[in-house]
Amino acid sequence: MSPRPTLLLVVPVAWAPLWMPWFEGAPFDVLLHDRDAYDPARIDYTLSFRPPFGLLKSLTNLKTIFSLGAGVDAFLADPEFPNSVPLVRFVDPQLSTEMAQYVVMHVLLQHRHQRDFDAAQAQGKWAQRMLPRKTADTRIGILGLGEIGTVAGERLRALGFPVHGWSRTRKTAPGIESFAGESEFASFLGQSDFLICLLPLTKDTRGILNAKTFAMLPQGAYVINVARGGHLVEPDLIAALDSGHLSGATLDVFQTEPLPQDNPLWRHPKIVATPHIAAISDPRVTANYIIESIALVERGERHPNTVDVDRGY
Ligand code: NAP
């Protein structure tokens, strides 16, 4: 009889009670990196979000590396990442739905000027007025029409916004106009009253939210970055907000997380900042995904969510 496979869970020890119960009865052993002593050669699978650099290379018999998140930039940033081992990312309809909720909420808060009404209420002021811009005239541009960008686009389209998206290859999502590649980037930006970043962080997309990009947006555009902090050149955003070219921004992700206390993004009057909470992988759902995924790999099949390491996503 061949030995049971072993999954190494690389999460803080304090999270063990959140995760371990969902693996009970799984046909493999589960060890916790920060708690259990183990022989590195015994590990078949790992599950982590930002594994310490060098750890994955030290596990010499890995069959598959699982990412706890949809993005895998933290894995590929490891100079010793073992390229020959398949890297599988987390794709989940609940995660996409929650990401879309976050995006819809922040588009609506801005579109409906809710923060102005909050301020008026605080002063007991009856500030009745019509929407400054009609929904049908408020154009939404989504950078990255993948798993999450498509769901967010569909939800916004259902609310009456014209939606278009930009990706590497042409898309055919109903009711979402598709722009593809660098040659269509400028015309995509020129009609984005809201710019929503849902790109993976790769060598091609790092710093894509920069002064040049902002200058191509319509006057008064609003930026939402819900992908990775590395997409945004923070001083360029502050300059575009201070000049009045951009009307505001919502940021869920930052170059440095947690966002340092002295970072000006915390206190800028035109910025809404949240602590990387747009969607957090649910332990029960993720554990089921891993149990099914390991069964698939053990059957010798290629996982459909295997990352193209050269492309970076
Ligand atoms: P995905 O399915 O891989 O989609 C990525 C999209 O970006 C695809 O449409 C792809 O185009 C496009 N793209 C990639 N590189 C491009 C380039 N150089 N030029 C133009 N388009 C490019 O990814 P996803 O599952 O939607 O996730 C997107 C990102 O969201 C993740 O990578 C992660 O960083 C972030 N995220 C954040 C949170 C949070 O809590 N804040 C939670 C989950 C995910 P093609 O389809 O043509 O290849």
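Rounded, prolate or oblate: pick one for segment 152-191, where a ≥ b ≥ c are the square roots of the eigenvalues of its C-alpha gyration tensor, a/c under 1.5 means rounded, and failing that, prolate if a/b is larger than b/c, else oblate.
Verdict is oblate for segment 152-191.
Pairs on different chains or at least eight residues apart, Cα atoms closer than 30 Å: how many lysine pairs in the chain fit?
12
Taking the Cα atoms of segment 126-183 alone, what are Rg (to one decimal) and Dmax (as a whole number) in Å?
For segment 126-183, the Cα-based Rg and Dmax read 13.6, 49 Å.
Given the convex hull over the Cα atoms of segment 116-219, what projected area results after averaging over all orientations, in nm²?
So the Cα hull casts an average projection of 8.2 nm².
Per-residue ellipticity at 222 nm for the chain, helices alone: DSSP H runs ≥ 4 residues times -39500 (n - 2.57), over residue total, nearest 500 deg cm²/dmol?
Only helices count here, giving -8000 deg cm²/dmol.
Find the centroid of the Cα atoms in segment 9-33 and in segment 238-259, then give the distance between the two in whole Å.
37 Å
Counting only heavy atoms of protein chains, what accessible area per residue, in Å², does the chain have with a probe of 1.4 Å?
For the chain, the per-residue accessible area is 49 Å².
What's the extension gain from residue 16 to residue 38 if we count 0.36 nm per residue and subtract their Cα-Cα distance?
This chain segment gains 6.3 nm when fully extended.
Round to the nearest 10 and report in Å² the accessible area of residue 233, as given by a 1.4 Å probe over the protein chains' heavy atoms.
Its heavy atoms expose roughly 50 Å² to the probe.
Can you list the residues, at least 5 places off or on another chain, whose amide H is less than 5 Å from the amide H of residue 248, using H built in the peptide plane?
Hits under the 5 Å cutoff: 223.
Using the Karplus equation 6.51 cos²θ - 1.76 cosθ + 1.60 (θ = phi - 60°), what ³J(HN,Hα) coupling, rounded to whole Hz, does each residue of segment 198-208 give in order, writing x for Gly and Pro?
10, 8, x, 8, 9, 4, 7, 10, 4, x, 5
Provide the per-residue ³J(HN,Hα) series for segment 115-126, in order, calculated from phi with Karplus coefficients 6.51, -1.76, 1.60 and θ = phi - 60°, each as a whole number of Hz, with x at glycine and proline positions.
Values, residue by residue: 5, 5, 6, 4, 5, 5, 4, 4, 9, x, 9, 8 Hz.
Take the solvent-accessible surface of the protein heavy atoms, probe 1.4 Å, and return the percent of it on the chain that carbon and sulfur atoms account for.
55 percent
Can you tell me what percent of all Cα-Cα pairs in the chain are more than 24 Å apart?
Percent of Cα pairs beyond 24 Å in the chain: 57.
If you scale each eigenvalue of the Cα gyration tensor by 5 and take the root, what three semi-axes come out for segment 93-273, rounded to whole angstrom and sorted largest first?
24, 21, 16
Any chance you could look up the accessible area of residue 169 with a 1.4 Å probe, heavy atoms only, rounded to 10 Å²?
60 Å²
Residue by residue through segment 254-265, which ³J(HN,Hα) values in whole Hz follow from phi under the Karplus form 6.51 cos²θ - 1.76 cosθ + 1.60 (θ = phi - 60°), with glycine and proline marked x?
9, 3, 10, 10, x, 4, x, 3, 8, 6, x, 4
Rounded to whole Å and sorted largest first, what semi-axes of the equivalent ellipsoid does the C-alpha gyration tensor of segment 1-54 yield via the square root of 5 times each eigenvalue?
Working from the Cα gyration tensor, I get semi-axes of 18, 15, 9 Å.
Calculate the all-directions average of the projected area of segment 242-297's alpha-carbon convex hull, and give it in nm².
Projected over every direction and averaged, the Cα hull of segment 242-297 covers 6.2 nm².
Could you calculate the FRET efficiency of residue 256 with residue 118 from 1/(1 + (r/R0)^6), where r is the beta carbon distance between them and R0 is 51 Å, rounded to 0.05?
Efficiency computed from Cβ-Cβ geometry: 0.95.
The values are calculated or read from the model by the stated rules, or taken from the named source; none is laboratory data. The shown structure was predicted, so the numbers you read here are calculated from the model rather than taken from an experiment. Virtual Cβ from ideal backbone geometry, glycine too; neighbours counted across all protein chains shown. Protein only, heavy atoms only, side chains kept; ligands, DNA and RNA dropped before computing areas. Shrake-Rupley method; radii C 1.70, N 1.55, O 1.52, S 1.80 Å.
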